[in-house]
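Below you'll find the structure, written out as structure tokens, and then a few comments.
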Amino acid sequence: MNNVNNIAENFGTLYHPKSALVFYETAGTETDMYVEHFDMDSNGTPINAHPLTVKEANILAKALQTDEEKSTAFLKPKGILPTNILHINPSEKGTVLWYTKAQQRKLYFVNGLGIPNGKAQVPPMLWFANKNSLSVFALANDRRPTEKTLLHYAPFFNIYEKGNVCMGTVSIDIKNSASVEEFIQAWKHYFFNSYFSHSLCENVTRKNIVTLWKDLINTDKPFPKEVLKKNNKTLKNLL
């Protein structure tokens, strides 16, 4: 006989029944309803039947309200809307468009590129994302962009010609209850804390992209904006 393995440790979170509600309704055209509350014993058997009390009803209502609030909280700001946010579509499949100024970031590269990990200056960027995907572009300066602002190819690896980012094996997990601030922070974390590995589009910069980052990494050199290439799109094309 084969040995029986205990696989309980491989299960996910186990929930135990604590109580149950039974709804009774009278027959006829003018119906009336009655709700009975049951506790559960350690075996999951209903015990201690009694009419649903006001206190129990309030606890249930509060729990349901909390779940509803979470489902409608997606992309709501925690306070005053940050000035770098340009557009929000707060639907279930909502999107956010925002920009960041030139800044120093820690960057990670796979060994095959021959570029050490380290800090470097990155150009101003335009970000466009929903819960599952991200597109990024470079900007010519730190000014707040408008609909007419010309976009440039983002000078990074792992990015397709249209600007969409290949996240590889990165597990994207953005909650339905994420505020717009949490949403933006999550995408910046996913982008800058994953490893740049390969170029998906030729000639996205006016200088060899490997040489570019070798020259910038672990230095205080400002990003050379003259290497950016326009992609014949404006911000309005993303709206």
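The values are calculated or read from the model by the stated rules, or taken from the named source; none is laboratory data. Note that this is a predicted model, so its numbers are computed, not measured. Cβ atoms come from the backbone with ideal geometry, glycine included; neighbour counts cover every protein chain shown.
Structure above, values below:
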| item | result |
| --- | --- |
| Boolean, Leu139 is hydrophobic (A, V, I, L, M, F, W, C), over 30 Å from Asn176 (Cβ atoms), buried (at least 16 other Cβ atoms within 10 Å of the Cβ) and touching a residue at least 40 places away in the same chain (Cβ under 8 Å) | yes |
| Single match in Lys148, Lys119, Lys131, Lys101 (criterion: modelled with pLDDT under 95 and farther than 24 Å from Glu202 by Cβ) | Lys131 |
| Qualifying residue in segment 36-44 (condition: hydroxyl-bearing (Ser, Thr, Tyr), at pLDDT below 65 and exposed (fewer than 10 other Cβ atoms within 10 Å of the Cβ)) | no |
| Count of residues meeting criterion [of a type in the set (Gly, Ala, Ser), assigned to a loop (DSSP other than H, G, I, E, B) and free of Cβ contacts under 8 Å to residues at least 60 places away in the same chain] in segment 154-211 | 4 |
| Tabulated pairs, segment 215-238, first touching a residue at least 12 places away in the same chain (Cβ under 8 Å), second assigned to a helix (DSSP H, G or I) and not hydroxyl-bearing (Ser, Thr, Tyr), C-beta under 8 angstrom, 6+ apart or interchain | Lys221/Asp215; Phe223/Leu216; Pro224/Leu212; Val227/Leu212 |
